[in-house]
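First up is the structure itself, then whatever we jot down about it.
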Amino acid sequence: MAREGACVAIADFNAKGAAEAAEAISREGGTAVAVTMDVTNEAQVSAGVNGAVAALGNLDIVVSNAGIQFIAPIHELSYADWRRVVSVHLDAAFLVTRAALQHMYAHQTRGSIIYIGSVHSKEASPLKAPYVSAKHGILGLCRTVAKEGAQFGVRSNVICPGFVRTALVERQIPEQAEQLGISEADVVKNVMLKGTVDGEFTTTADIAETAIFLASFPSNALTGQSIVVSHGWHMQ
Ligand SMILES: NC(=O)c1ccc[n+]([C@@H]2O[C@H](COP(=O)([O-])OP(=O)(O)OC[C@H]3O[C@@H](n4cnc5c(N)ncnc54)[C@H](O)[C@@H]3O)[C@@H](O)[C@H]2O)c1
């Protein structure tokens, strides 16, 4: 986004990580600020979005991306863990959307809201009930935003990645190996990448390309949609 000319606010509850990402963008000549916020905290989201707009002047594109994973079968899952995962994905998507729409509607920015869903917005896997449920819920939020936002020129879409080898996935490999009683290599080959057409991980660059495509699309023709980017793991 920054390479395409966007001024970017990196929002995360990991202040150091957000600052490092913003500095990396600035070093390459882009414009970026770091915003510290817990996306599940209503007051912090409002303050964070308002702060980003104050720093950068406007809000045209939102990527709702924060996420966590928790691996457990449903019969052993605590209500607290269920709520924690659903909150980071779905409650947070609502809070960020509401704060963003208030700016976009007031300033008629004809914005683009992009949710990071998952192939798990379309399919289920064992051991991931709260994640799968929340990621399915994001499709409903996106479609509602598309319908409400159209009159203001605001579009809303979901990117549904397959497995990307980020920290979130690295943590899951040993956890799934233990739960399923198989090796870590088998988790990668026979669980994560088994359904792909070529046995390859999706990359963060693939997801960034898709986000740029969605953000720059010129009309309401592309709204309320979900695009799966998964090396063919899920085809629709
Ligand atoms: N990695 C994958 O294979 C994959 C596949 C499909 C979808 N996704 C989705 O992509 C998104 C990004 O995941 P990732 O793989 O980069 O994971 P990651 O763990 O590398 O990054 C997640 C980020 O979210 C931040 N975060 C977590 N809870 C937060 C909170 N309460 N407030 C603010 N920030 C918070 C973390 O600090 C971290 O920077 C998530 O929504 C995830 O569900 C990932």
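Miscellaneous remarks
- Between residue 76 and residue 209, the simple label model (points 7 Å from Cα in the Cβ direction) yields a spacing of 3.9 nm.
- For residue 110 and residue 144, the difference between the fully extended length at 0.36 nm per residue and the C-alpha to C-alpha distance is 10.6 nm.
- Modelled spin labels at residue 169 and residue 47, positioned 7 Å past Cα toward Cβ, are 3.5 nm from each other.
- Restriction of the GluC sites (Glu not before Pro) in region 1-108 to DSSP coil positions whose beta-carbon has at most 16 other beta-carbons within 10 angstrom yields 4, 28.
- Value in Å of the Kirkwood radius, where the chain supplies the Cα pairs that are averaged: 18.5
- Placing unit charges on the Cβ atoms of the charged side chains and taking the dipole of region 67-132 about its Cα centre, the candidate lying farthest along the positive direction among 75, 111, 92 is 111.
- Residue-averaged [θ]222 nm for the chain, counting only DSSP H segments that reach four residues, each worth -39500 (n - 2.57): -13500 deg cm²/dmol
- Cleavage-rule hits (trypsin sites (Lys or Arg not before Pro)) in region 129-235: DSSP loop, at most 12 neighbouring Cβ within 10 angstrom: 194
- Mean sequence separation of contacting Cα pairs (under 8 Å, at least six apart), scaled by the length of region 37-229, corresponds to a relative contact order of 23 percent.
- Point-to-point label distance, residue 31-residue 133, nm (Cα→Cβ direction, 7 Å offset): 4.3
- Sparsely packed loop sites in region 101-131 (the trypsin sites (Lys or Arg not before Pro) outside DSSP H, G, I, E and B with at most 15 other Cβ atoms within 10 Å) comprise 110.
Each value in this text was obtained by applying a stated rule to the coordinates, not by laboratory testing. This one's a predicted model, so the numbers in the text were calculated from it and none came from an experiment. Cβ atoms come from the backbone with ideal geometry, glycine included; neighbour counts cover every protein chain shown.
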